[in-house]
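Data first, discussion second: the structure below is written as structure tokens.
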Ligand code: ASP
């Protein structure tokens, strides 16, 4: 694996390997790399969880983080994303983590830059590390994917999380259903649509999505109260969920819009567990990228033999 830009690049075997590797990641104090690595975290869009969990993951792996703030960087003098990335490469960054509002930005850089690129979210394109932490969270719960019914519900059209998760879960053998208001259906995603009322009664995982207002046209303003009752996870709908079913959301959560505020931390919610798992999933991605380059020591990997996906 040279870069980590799209979940579509990975087979079921590779996905399982990364899920199991995430589970083995801990902070045992061993330096897992044969040389000092430097990370460039280039965030051109707001982020709390992704940015901070990359930072924690990098520090736990003994990586030096090069501080970058878009607002005070030379991008404000007109420097392009490519020149910014090339600068980081030239001054010794070992890899780049990039979040950008333009679809395929990480993919483009991966073709132009000689160090590994990790996609931390590109526009409405993909969010592969969010996907990995979501897969890891589901695996912790059910220990398999084959035959699981998973509903992804919310702003499908504008969500990079929906895209990455739908592809990956299908690759792993889950039955993926999408649920949203008509205007947010996405014709490029070939999955069955289902009403949320139906999904809560039949699905093992209800994965909610944030309403992506920053990607909507100005005149598309939403009535938030009626959105919850029509399309969100209300307490009434949650009461109809299967006993073993779990609630997920990549966050940030709009409490009272996609989900009733009281459900965010209820027994069936794994929303904060997802965040916790994000650190390990990101450690696994970085470790694996440098293992392919012969720079990681084998200790994590010995503990982690991927099994065949059933
Ligand atoms: N944090 C996720 C993302 O950056 C989900 C969201 O913002 O809705 O895509």
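No value in this document is a laboratory result; all are computed from the given coordinates. Every value quoted in this text rests on a predicted model; they were computed, and no experiment measured them. For neighbour counting, all protein chains shown are included, and Cβ atoms are generated from backbone atoms with ideal geometry for every residue, glycine included.
Worth a mention:
- Counting 0.36 nm for each residue step from residue 276 to residue 48 and taking away their Cα separation leaves a gain of 80.8 nm.
- Between the Cα long axis of helix 12-24 and the first principal axis of the chain there is an angle of about 80°, rounded to the nearest 10.
- Percent RCO, i.e. relative contact order, over the chain, from Cα pairs under 8 Å lying at least 6 residues apart: 25
- Stretchable slack from residue 72 to residue 229, in nm (0.36 nm times residue separation minus alpha-carbon distance): 52.3 nm
- The packing ranking of peptides 261-268, 145-152, highest mean first, is 145-152, 261-268, where packing means the average number of other beta carbon atoms within 10 angstrom of each residue.
- Residue order, fewest to most beta carbons within 10 Å, for 159, 90, 73: 90, 73, 159
- Centre separation in Å (Cα based) which lies between segment 1-42 and segment 176-225: 30
- Where only DSSP H runs of four or more residues are counted, the chain gives -11000 deg cm²/dmol as its mean residue ellipticity at 222 nm, each run worth -39500 (n - 2.57).
- Highest average first, the peptides 285-291, 212-218, 269-275 ordered by how many other beta carbon atoms sit within 10 Å of their residues are 285-291, 269-275, 212-218.
- Debye intensity ratio I(q)/I(0), log10, segment 109-211, q values 0.13, 0.20, 0.22, 0.23 Å⁻¹ (C-alpha model): -0.47, -1.00, -1.17, -1.25
- Among 257, 81, 176, residue whose mean-square fluctuation peaks in a GNM of the chain (springs only between Cα atoms under 10 Å): 81
- Applying 1/(1 + (r/R0)^6) with R0 = 41 Å to the Cβ-Cβ distance of residue 236 and residue 2 gives a FRET efficiency near 0.30.
- In nm, spacing of pseudo-spin labels at residue 56 and residue 213 (7 Å Cα→C-beta vector): 2.7
- Each label was represented as a point 7 Å from its Cα along the Cα-to-Cβ direction; for residue 187 and residue 295 these points are 4.4 nm apart.
- Sites residue 143 and residue 103, calculated FRET efficiency, Cβ-Cβ separation with R0 45 Å, nearest 0.05: 0.85
- Projecting the alpha carbon convex hull of the chain along each direction and taking the average yields 15.9 nm².
- Its Kirkwood hydrodynamic radius, worked out from the mean inverse distance over all distinct Cα pairs, puts segment 97-156 at 13.3 Å.
- Ordering of 114-127, 97-110 by packing [mean C-beta count within 10 Å, highest first]: 114-127, 97-110
- Rough spin-label spacing in nm, given labels placed 7 Å along Cα→Cβ, for residue 65 and residue 220: 3.2
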